[in-house]
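The next block holds one structure in the form of structure tokens; read it before the comments.
The values are calculated or read from the model by the stated rules, or taken from the named source; none is laboratory data. Just so we're clear, the structure is a prediction, and the values are computed from it rather than from any experiment. Here the Cβ is made from the backbone with ideal geometry for all residues, glycine too, and neighbour counts use every protein chain on show.
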Amino acid sequence: MKQLKLLSLVFILLLSACSTETEHGSISYSEIKLDEVGEELSSFIEEIDGENGTYLFFEDDRTFYVYLNGGNVALGEEAIYFDDFSIDRDTKKQTCFISYKTVKTEDFSSDSQNFKGLYKVNGDRAFEVIKAIENNKEVSFKSISGK
């Protein structure tokens, strides 16, 4: 009987810990095809597409897009492609971390390499700070825009 009470107490504590974590909110992302975006975002991408970098476009205070562009290559230089895109959040500081790796290559023909990427990020609340982390180092966004 004591074991059953102890097991029940442990189970309740585990459930409490899980529910506390969900109170901090959620964040998710999905990769979006460039030809499936709205007019405003499409116009923004067209404006900045000539320069490599990391860009932000806000749809509203809880939804934004991250555009990674490595598709511009000067003659004789290596191309940049993106890998390991992920997001994380620090709920205490209301900070969102956008993390990715960049890799240089001389192979421009591979379809498996992402020279450009567009990601839609959804949160259940607004972030005070959004940071870009490239190859484990914080970098600046080239441009930030939105509706």
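Within segment 67-76, can one find any residue that is buried (at least 16 other Cβ atoms within 10 Å of the Cβ), under 18 Å from Asn136 (Cβ atoms) and more than 12 Å from the chain's Cα centre (by Cα)?
yes
Just give me the residues in segment 92-133 being in contact with a strand residue (DSSP E or B) (Cβ under 6 Å, 6 or more places away or on another chain), modelled with pLDDT under 90 and hydroxyl-bearing (Ser, Thr, Tyr), in sequence order.
Scanning segment 92-133 gives a single hit, Thr105.
Can you pull out every residue in segment 33-63 that is of a type in the set (A, V, I, L, M) and within 15 Å of Phe141 (Cα to Cα)?
Scanning segment 33-63 gives Ile45, Ile48, Leu56.
With the checklist (1) at pLDDT below 90; (2) of a type in the set (A, V, I, L, M, F, W, C); (3) part of a helix (DSSP H, G or I) in hand, flag the one item Val73 doesn't pass.
It fails just one condition, (3).
From Lys93, Lys101, which residue is part of a loop (DSSP other than H, G, I, E, B) and not small (Gly, Ala, Ser)?
Just a single option satisfies the conditions, and that option is Lys93.
Condition check: free of Cβ contacts under 8 Å to residues at least 60 places away in the same chain and under 21 Å from Glu36 (Cα atoms). Does Leu75 satisfy that?
For Leu75, the condition - free of Cβ contacts under 8 Å to residues at least 60 places away in the same chain and under 21 Å from Glu36 (Cα atoms) - is not met.
Restrict the check to segment 22-32 and report whether at least one residue is under 27 Å from Lys131 (Cβ atoms), at pLDDT 90 or above and in a loop (DSSP other than H, G, I, E, B).
There is at least one residue in segment 22-32 that is under 27 Å from Lys131 (Cβ atoms), at pLDDT 90 or above and in a loop (DSSP other than H, G, I, E, B).
Considering each of Asp83, Asp49 in turn, give the residue that is of a type in the set (Asp, Glu) and closer than 28 Å to Ser26 by Cβ. Talk me through it step by step, then tell me what you get.
Values: Asp49 fails: closer than 28 Å to Ser26 by Cβ.
Step by step, each of Asp83, Asp49 is checked, and only Asp83 is of a type in the set (Asp, Glu) and closer than 28 Å to Ser26 by Cβ.
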